[in-house]
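Worksheet: the structure to be examined is printed underneath.
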There are 4 protein chains.
Amino acid sequence: MIVKLSTPYSFLDDYSEGAHPRLLEALIRNNNTQQTSYGTDDYSAEARHILHTQHLHTTPEEVAIHFVPSGTAANLISIASCLRPYEAVVAVDTGHISCKEAGAIEATGHKIIGVPHARGKMTPTNLEHTLDRNQFFPHMAKPRLVYISNATELGTVYTRAELQALSAVCRRRELLLLVDGARLGVALAANDDLTLRDLVDLTDIFWIGGTKMGALLGEAIVVRRAIAEGFEFHVKQHGALLAKSRVMGVQFAELFRDGLFFELARHANEMARRLAENFVQMGFALDAETETNQVFVLVPDDLLPQFEERMRFYEWEKRDGHTVIRIVTSWATDETQVEKLNQWVRQVREVRA
Amino acid sequence: MIVKLSTPYSFLDDYSEGAHPRLLEALIRNNNTQQTSYGTDDYSAEARHILHTQHLHTTPEEVAIHFVPSGTAANLISIASCLRPYEAVVAVDTGHISCKEAGAIEATGHKIIGVPHARGKMTPTNLEHTLDRNQFFPHMAKPRLVYISNATELGTVYTRAELQALSAVCRRRELLLLVDGARLGVALAANDDLTLRDLVDLTDIFWIGGTKMGALLGEAIVVRRAIAEGFEFHVKQHGALLAKSRVMGVQFAELFRDGLFFELARHANEMARRLAENFVQMGFALDAETETNQVFVLVPDDLLPQFEERMRFYEWEKRDGHTVIRIVTSWATDETQVEKLNQWVRQVREVRA
Amino acid sequence: MIVKLSTPYSFLDDYSEGAHPRLLEALIRNNNTQQTSYGTDDYSAEARHILHTQHLHTTPEEVAIHFVPSGTAANLISIASCLRPYEAVVAVDTGHISCKEAGAIEATGHKIIGVPHARGKMTPTNLEHTLDRNQFFPHMAKPRLVYISNATELGTVYTRAELQALSAVCRRRELLLLVDGARLGVALAANDDLTLRDLVDLTDIFWIGGTKMGALLGEAIVVRRAIAEGFEFHVKQHGALLAKSRVMGVQFAELFRDGLFFELARHANEMARRLAENFVQMGFALDAETETNQVFVLVPDDLLPQFEERMRFYEWEKRDGHTVIRIVTSWATDETQVEKLNQWVRQVREVRA
Amino acid sequence: MIVKLSTPYSFLDDYSEGAHPRLLEALIRNNNTQQTSYGTDDYSAEARHILHTQHLHTTPEEVAIHFVPSGTAANLISIASCLRPYEAVVAVDTGHISCKEAGAIEATGHKIIGVPHARGKMTPTNLEHTLDRNQFFPHMAKPRLVYISNATELGTVYTRAELQALSAVCRRRELLLLVDGARLGVALAANDDLTLRDLVDLTDIFWIGGTKMGALLGEAIVVRRAIAEGFEFHVKQHGALLAKSRVMGVQFAELFRDGLFFELARHANEMARRLAENFVQMGFALDAETETNQVFVLVPDDLLPQFEERMRFYEWEKRDGHTVIRIVTSWATDETQVEKLNQWVRQVREVRA
């Protein structure tokens, strides 16, 4: 993967800009109040209350909510908090923790057992097959937690039925289910039949990504009380308990107070949809259907230099004279830039045709 | 230690408020630019440049600068990055990592060998004595890194001569020296003969605390290149590499662009000085001379309830009919509140006398 | 501590010789049978059965018994198996895990909180005082397991009443109690009112040292079933699950079949008693009363060279013109050598007087 | 994998019996000498001397030799000793550390990156391909050590040319090469063109398995001095530094004094060869050519119950109406039993044909 930085507008990722203006305004508005620290501030309490009452439909006795500054922290703390030393995580090979977190999970002492993915997703069949092959105890680490991402690293999403099926396998086989929600916003926005409440019902821990949905930083971990004992120690021990926890509380309260979070997610998906449709109309193949805010397009290698001059993106994979490039939209993606890019793509095709 | 929350103004700590307004303004000003991520943004580069050229007088080839979101993260990453698995940290018993980080250092696998403190500080004599008693290898973990805090957890500061002496012992005995600078601002403001450049010369790693000096979050780790290899992997692996690293870069650039950091530190110290002087004049004993922004006052236990109604503070220790309370000032401490408190203290004494 | 190796007979430690001949004979006798491995062999089963029925008076449903090759392994596995990542061990400063295991406990991620010792032992008062000072959660690691050694590193033993008192504190404060039994044999031999069954009743985990009581290697960990879930995974994960587990099973069966273990322990204690009494009669001061197989004698520094020529021992500590030396006897200590040494000590004194 | 225990003679593994009689005799012969401990005994010194001078043709300044009680310990200590926290191991999916050590490597904090195997072996092509896909730093753990087993877990061996090619890739790409030698004896016995000296030249660390070649326990780790600094701390910290290190020293001295080790390995291979040839002659397919002491035979499922009555073995895999069973021979395998089994196999086939 090589980052191309030569052109003005970036479709590299969904964290190129700062925060949504409303979040910054809220930070300024509340800046001078004196607050207690390390998660006990009024704004974190408010954010938790909003999430509990409006979105999760839970009480604090049912699930706990903890804010941490990064997705890696959310994953490693969630996993380390509920596994015994010999227990392992099960994750698809394309999962973020499998390949993009610098060994953060293993650094907490736990093995990740790989499962073949299906369009970035874990299927009950592949999961059960892997479980069946990992039963030679105590010589093998004991599978105990299933990790999935929604949206996945390939931009696909789990349907409600898929998540129910996976959850059923986990419960039958006494496995915890964790959902990495770095891009949970776009997943929910893409899929009307799945809600935050469903995640409470179907999983044991999940986290709601703020960084990729308009916050300066911050992810909200939602964890069933039954397995949340001592969770704040884990957050502290891994350096993720911010003294000024208000910085995350204020932003999450604002994101969820009146649905801003979902509104921003819909924008990101819509921008990706427009790009994807235009590519298809112009005869470019997509490597995967665009379900959320990531567009994977096959670009003929001779066209690649022109693409590189026009915008920033990641080269994902080389394949038979083509390059799969990843284009990412976000809450901040400028509609005008999307339209301009689409026009340019049309011109490129016309010249070529 | 019991937090007392009953009265309006808080002298609990130096992170009760949000950020200095100039930092928030800078975040807004730069909010819409597109930046690359994970430490590669322009603002982090600018902050590094300002620190290198104006304060450290170093080149990027000599020392590396990394921003992380919390002090615990700064300590655990710094330590984990330069120790082999069997190497130990040496720290005074009152050191933050010894007693207030939920075992974060041990969680990375390293033992902390305790040294008796002298007013919160490590002395060459106590250090050497401890080293001499920890040489029965390989049955004992090998002392390899000396951790000190400046200012210390008791508010005291190291003089230049003291730091030189400690540094000399470390070099003679092949130990690395790490300075926890959560409160480095007030330490430098209290002590004209010590500079950031001196820290480069006398230590191997140190970090500059932003959270306690007006930032929303962020600490800048300064590490000698010779031991910094792969440092960014450690930052990533521990969940401290923020996608939007700009949030720390912008704030540090603003804090150090024209000396705001030191100005804020001087304010904090001055507020503490005024409180301490008034206490002494009113016949209260201080548990330690007030060198920075922490005031440790002995309050007769029968007066304690009145203090608790008047302001927020930590009870530090019970001692013979008295309670040592810790009062902390900060960059945000309101001068008027200090004056009001001083007046109140004078009244309390008069009534009593 | 400097090992002196110049003279023929060694009182350095209780593991200078190989194994008691009966144990070697048993290994040879059973050598050719085919056994399953990794703890499932018939001899380990037999050893467990003997311990359960003759000594612990327990069923396998109440406590599990696991054999591991070393004391460090026994300690680190026992501790790692029953703590969550943020939980800490509480141990006296002279405890083996505090200072002589190369940071093995911290390497599994856990902090050891120090308690001042009383003649090598932990007292309820010192324990409670330490607990009370370690409650500032989640900033402090949570005390969860109390580690003691019996006999202690200073050769002292816990009376039944002392162990009961400590156990009561642990239960009241929800702490697990672990007894390091590297020298449990000599402790029990020195103290008629304490039995292996008492350890089952008063502790949560303890281990019975074989290495220092006549085995080539091997320690038997006895752990309450309630906290033993998955224990064999821990043993495996730390490299302590021997393929030929028979090597430990055979030896433990032999040691406990008819009381050999206790007989050997009595011999070690008796040898130490004779040495200690002679030293006292000859006017040497003991640094501590000799309760088991370790004798701590104060030797005037001008006599030290003669002692060094005469036998091997550890220099324990320098003190005002004297050196405290540690003399250790064992199951293998030759009675004749003890008598010869006593005669030599008498001569040294006479010449001097 | 299900262990079948119903029949008398076991071909389950190569550690079903105790030790070769000569090793036990040596233990008895040396039992009464007083030795210093923790690796400093005379017998360990002798064993090291024999290995250095007769087999490795090295000086102690070039490579260090450490004895540890188990293969898991050898692997985890070797790996933990030479990696920084963010560095990863690269191993084939069938590698012992990948799937049969209860997550022992990950428990030391390191990720294992999987490589597809070729008959249990790692090929330069597969290795380089994996390396090329793991370069997105610092988001990916950094590949630093290549782990292979010789003989492999499938009984295959590396030729000298294969090992040279792999070593060349490692050196070019700055990777350390570790050889798990649990079954190094049978690998060398099967392959005249590879010697222990070659392993010194071509690898950075390797270990010589004693447990599977006639010792009660013990593996000898051979490590280049350049990366061996502090190795004894690692051994101690992981509980693998036996007080009575003589138990391993005596056995290794005996195994290597006059070639017993290789003689026993040849026997194991010869027994496997006879079984394999007979199977083939009788029309059974082998899943892999038998290069060492492991025979993988495809048994029709309807014959399986008869096999289970006749001997002990592991079921390795189910495949299209057949079961791949693993039959293992060892230094202790009784020639008569091999002949009896071969006869029985012939009868089974005749009845069936």
Other protein chain Cβ atoms within 10 Å, averaged over every residue that makes up D:246-253
2
Report, for D:GLU350, each distance to the same residue's label point in the other copies, shortest first and in nm; define the point 7 Å along Cα→Cβ.
8.7, 8.8, 12.0
Tell me which of B:TYR158, B:MET140, B:GLY109 sits at the most positive position along the dipole axis of region B:99-185, charges placed on C-beta atoms (Lys, Arg +1; Asp, Glu -1).
B:TYR158
Folded to 0 to 90 degrees: helix A:260-281 orientation relative to chain A principal axis, Cα:
30
Within 10 Å of each candidate Cβ there may be at most 10 other Cβ atoms; applying that plus a DSSP loop requirement, which GluC sites (Glu not before Pro) in region C:153-206 survive?
C:GLU174
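Sum up the charges of everything whose Cβ sits under 10 Å from the Cβ of C:SER16, counting Lys and Arg as +1 and Asp and Glu as -1, but leave C:SER16 out.
Its environment carries a net charge of -1.
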If you rank D:HIS267, A:HIS57 by how much accessible surface each has, with a 1.4 Å probe, what is the order from largest down?
A:HIS57, D:HIS267
Probe radius 1.4 Å, ligands and nucleic acids left out: can you give me the accessible area buried at the C-D interface, summed over both chains, in Å² to the nearest hundred?
3900
Of A:GLU317, A:GLU61, which has the most accessible area and how do the rest follow, probe 1.4 Å?
A:GLU61, A:GLU317
Helix D:246-257 against the longest principal axis of chain D: what's the angle in degrees, Cα atoms only, rounded to the nearest 10?
70
Between D:VAL280 and the same site in the other copies, what are the distances in nm, shortest first, taking label points 7 Å from Cα along the C-beta direction?
5.7, 7.7, 9.4
In terms of the charge dipole of chain D, which places +1 on Lys and Arg and -1 on Asp and Glu at the beta carbon, the residue among D:VAL299, D:GLN35, D:ALA253 farthest towards the positive end is D:GLN35
Give the shape of the protein assembly as shown as rounded, prolate or oblate, defined through the alpha-carbon gyration tensor: a ≥ b ≥ c are the square roots of its eigenvalues, a/c under 1.5 means rounded, and otherwise the shape is prolate if a/b is larger than b/c and oblate if not.
oblate
Out of all DSSP beta bridges in chain D, what portion is antiparallel? Express it as a percent rounded to 5.
60
To the nearest 10 square angstrom, how much accessible area does C:ASP320 have with a 1.4 angstrom probe?
140
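If r is the Cβ-Cβ distance from C:VAL351 to D:HIS49 and R0 is 56 Å, what FRET efficiency results, to the nearest 0.05?
About 0.85, to the nearest 0.05.
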Taking alpha-carbon centroids only, region D:74-135 lies from region C:247-272 a number of Å equal to 43
Could you tally the net charge around B:ALA332, taking each other residue with its Cβ under 9 Å from the Cβ of B:ALA332, Lys/Arg +1 and Asp/Glu -1?
-3
Which value in deg cm²/dmol, rounded to the nearest 500, describes the helix-derived mean residue ellipticity at 222 nm for the protein assembly as shown, given -39,500 (n - 2.57) per DSSP H run of n ≥ 4 and division by the residue count?
-11500 deg cm²/dmol
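Can you give the charge dipole size of the protein assembly as shown about its Cα centre, rounded to the nearest 20 debye, using +1 on the beta carbon of Lys and Arg and -1 on the beta carbon of Asp and Glu?
Values: 148 positive and 184 negative charges, 1 e Å.
Using only the charged Cβ atoms, the result is roughly 0 debye.
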Please give the average number of partner chain Cβ atoms lying within 10 Å of the Cβ of each residue in D:208-218, rounded to a whole number.
3
Lys and Arg at +1, Asp and Glu at -1: neighbours of A:ILE65 with Cβ under 13 Å from its Cβ sum to -2
Mean other chain Cβ within 10 Å across C:226-237 is 6
Taking the label point 7 Å from Cα along the Cα-Cβ vector, the copy-to-copy distances for C:PRO300, listed from shortest in nm with one decimal, are 5.8, 9.3, 10.2
So for chain D, using the alpha carbon gyration tensor with a ≥ b ≥ c as root eigenvalues (a/c under 1.5 gives rounded; past that, a/b versus b/c decides prolate or oblate), I'd call it oblate
Please work out the FRET efficiency for the pair D:ARG171 and A:THR125, using the Cβ-Cβ distance as r and a Förster radius of 45 Å; give the result to the nearest 0.05.
0.60
Ordering B:TYR158, A:TYR38, D:TYR43 by the accessible surface of their heavy atoms, 1.4 Å probe, largest first, yields A:TYR38, D:TYR43, B:TYR158
Can you tell me the orientation of helix A:160-172 relative to chain A, as the angle in degrees between its alpha-carbon axis and the longest Cα principal axis, to the nearest 10?
40
Taking a probe of 1.4 angstrom, what is the accessible area of A:MET213 in Å², to the nearest 10?
10
Rounded to the nearest 10 Å², the accessible area of D:GLU229 using a 1.4 Å probe with every protein chain kept is 120
Tell me which D residue has its C-beta closest to the axis rotating D onto B, and the distance in Å?
D:GLY109, 4
How much accessible area per residue does the protein assembly as shown have, counting only protein heavy atoms and a probe of 1.4 Å, in square angstrom?
33
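The values are calculated or read from the model by the stated rules, or taken from the named source; none is laboratory data. Computed from a predicted model, the values in this text were never measured in an experiment. Please note: Cβ atoms are built from the backbone with ideal geometry, for glycine as well, and neighbour counts cover all protein chains shown. In case anyone asks, the SASA skips ligands and DNA or RNA and just uses the protein heavy atoms, side chains included. Shrake-Rupley method; radii C 1.70, N 1.55, O 1.52, S 1.80 Å.
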